[in-house]
1. Looking only at the stretch 136-150, filter to residues that are over 16 Å from HIS194 (Cα atoms) and touching a helix residue (DSSP H, G or I) at 6+ places or on another chain (Cβ under 8 Å); which one of those is surrounded by the most Cβ atoms within 10 Å (Cβ to Cβ)?
2. Could you pull out the residue among ALA123, ALA137, ALA156 that is assigned to a loop (DSSP other than H, G, I, E, B) and under 27 Å from ILE27 (Cα atoms)?
3. Taking the stretch 256-274, which residues are surrounded by 13 or more Cβ atoms within 10 Å (Cβ to Cβ) and either in a helix (DSSP H, G or I) or over 13 Å from the mean Cα position of the chain (by Cα) (or both)?
4. Give the number of residues within the stretch 232-255 that are assigned to a strand (DSSP E or B) and out of contact with any helix residue (DSSP H, G or I) (no Cβ under 7 Å at 6 or more places or on another chain).
5. Quick one: which of SER430, SER444 is in contact (Cβ under 8 Å) with a residue 24 or more places away in the chain, in contact with a strand residue (DSSP E or B) (Cβ under 6 Å, 6 or more places away or on another chain) and small (Gly, Ala, Ser)?
6. Just need a number here: residues in the stretch 1-43 that are under 24 Å from the mean Cα position of the chain (by Cα) and among the polar types (S, T, N, Q).
7. Can you tell which of LEU49, LEU66 is touching a Leu at 6+ places or on another chain (Cβ under 6 Å) and in contact (Cβ under 8 Å) with a residue 12 or more places away in the chain?
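Bear in mind that the values in this text are calculations on the coordinates, not laboratory data. This is a predicted model, so every value here is computed, not measured. Note: ideal-geometry Cβ built from the backbone for every residue, glycine included; neighbour counts use all protein chains shown.
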Amino acid sequence: MSEADSLLSLLRQSVASDIVAAIEDLIRNAPDRELNRINALNFAARRGLDEERVIAGFLHATRIGLFDLSWNVLCPGCGGVLDAGTSLKSLVHEEYDCALCAAGYEPTLDEMVEVTFTVTRRARSIAAHDPDQLPFAEYCRQIFWSSGVDLPEEFAQLIEEVTLDAVELPPGEKAILSMQLPAEFLIVFDPVTHGTQFLDVKGEPTRERQTLAVAFDKVRAPTGTTSMRPGPLRLTLENHSDVRVLPGVWIAAEKLHALLGKRRPFLTAKRLLTNQTFRDIHRTDALDVDQRLKITSLTFLFTDLKGSTELYERVGDLAAFDLVKAHFRILTEIVAAEAGAVVKTIGDAVMATFPTPDRALAAALRMREAMRALNEERKSEDLLLKIGIHEGPCLAVMLNDRQDYFGQTVNIASRVQNLAVSRSIFATGSVVEHPEASSLLAASGLKALPQRRTLRGIVDAFPVFEIP
């Protein structure tokens, strides 16, 4: 039995058989490039599988050594990978610069950090395990561009059509290229060091040979633009780095933009942090204690049991404890089923996160129904769940050796939950006005009733909605 067989057998102990079968087929039969920086959402879509179950399957496969996890900082413009690491702890810069777009970006976990999976050598050796051996087109496809850039199968042929010339330069080497410059905007670009030089070629053609020298190293200098005229160019390329570089000269016209312009959904860091399987496996290993990573939109759901003190007095500690445990189990299952994660429990309360407001609202409605069913089963009204939901920006942090969240959005969500005194769910405008959440309410025959209520720590009366 090979090591891959052993690892797959181990995976079957914790992952559904259809997910394991799809992963096994990928490892055994897919071409090399499909096993590097796997886009879990695209994998699920192509195979007709549920995204959450696929993400959970890859996470378990990573835990046992079938895949490596990679957190990649992306340029929101071109979709290039600006930095990559094995954990979020590698995300240390307050701003990342994209030389190809000549722009800087403050990283957020919503759409600027993707999470991908690469098969390990233990399971199967692939070309991308030695990226210095990849040819130019495959290096661009597999290493430079993110899994969210939807590159066509014939990418190698199409990128060649927009490339005037390209060369492979070992460390310390120099090459001289001679070419005719068309009246186009050109880019001298190396996908390894990200070194970039823009050439604005315009004006009257010339027969006189022009010269330009470009050096590539690990220091990412600001991108410059050189004006040139159509005609002959002697281009000197020097590799000052300690790795092979792959500089090429691209025509930055419509054909290049069309080639790189298609996007597809990808697994974001935000979505993974709010995934229950990830939190269970990487409970204390996501961030460094001093990191403060921005999320522009996350939905928080808080619950609490009304009258839990009276419950303990009425039915006794042991019976009440079993009831509260049952309620926690039900809530955790519902949160996970709606693509969320339980961040923590505080007494009888739950704090959970969801990637979008509609998933949080769907979870809240299911929680309310589950508590009603549990009470009917017990022929009692002991378990009355108070629920509050709010969406907004926050910081992902480490608190008490646990990945947590900080900010006013968290505070408001907690205080909105305190407004609930019955089976009603309280939510803010950013939740009920979200298009998918609004559609969910309509489909459920429910109407959100607007109110203005006072929240502790908020000066003005705050608009909230009660969902009876």
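1. Going through the stretch 136-150, the residues over 16 Å from HIS194 (Cα atoms) turn out to be 147-150.
Now restrict to residues that are touching a helix residue (DSSP H, G or I) at 6+ places or on another chain (Cβ under 8 Å): 147, 149.
Values: SER147: 28, VAL149: 23.
Once the filter is applied, the top-ranked residue is SER147.
2. Just a single option satisfies the conditions, and that option is ALA123.
3. LEU256, LEU259, LEU260, ALA269, LYS270, ARG271, LEU272, LEU273
4. 11
5. SER430
6. Total satisfying the criteria: 4.
7. Going through LEU49, LEU66 in turn, the sole match is LEU66.
Matching residues to (1) among the acidic types (Asp, Glu); (2) farther than 24 Å from GLU184 by Cα; (3) touching a strand residue (DSSP E or B) at 6+ places or on another chain (Cβ under 7 Å):
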| residue | (1), (2), (3) |
| --- | --- |
| LEU235 | no, no, yes |
| VAL245 | no, yes, yes |
| TRP250 | no, no, yes |
| ALA253 | no, no, no |
| ARG263 | no, yes, yes |
| PHE266 | no, yes, yes |
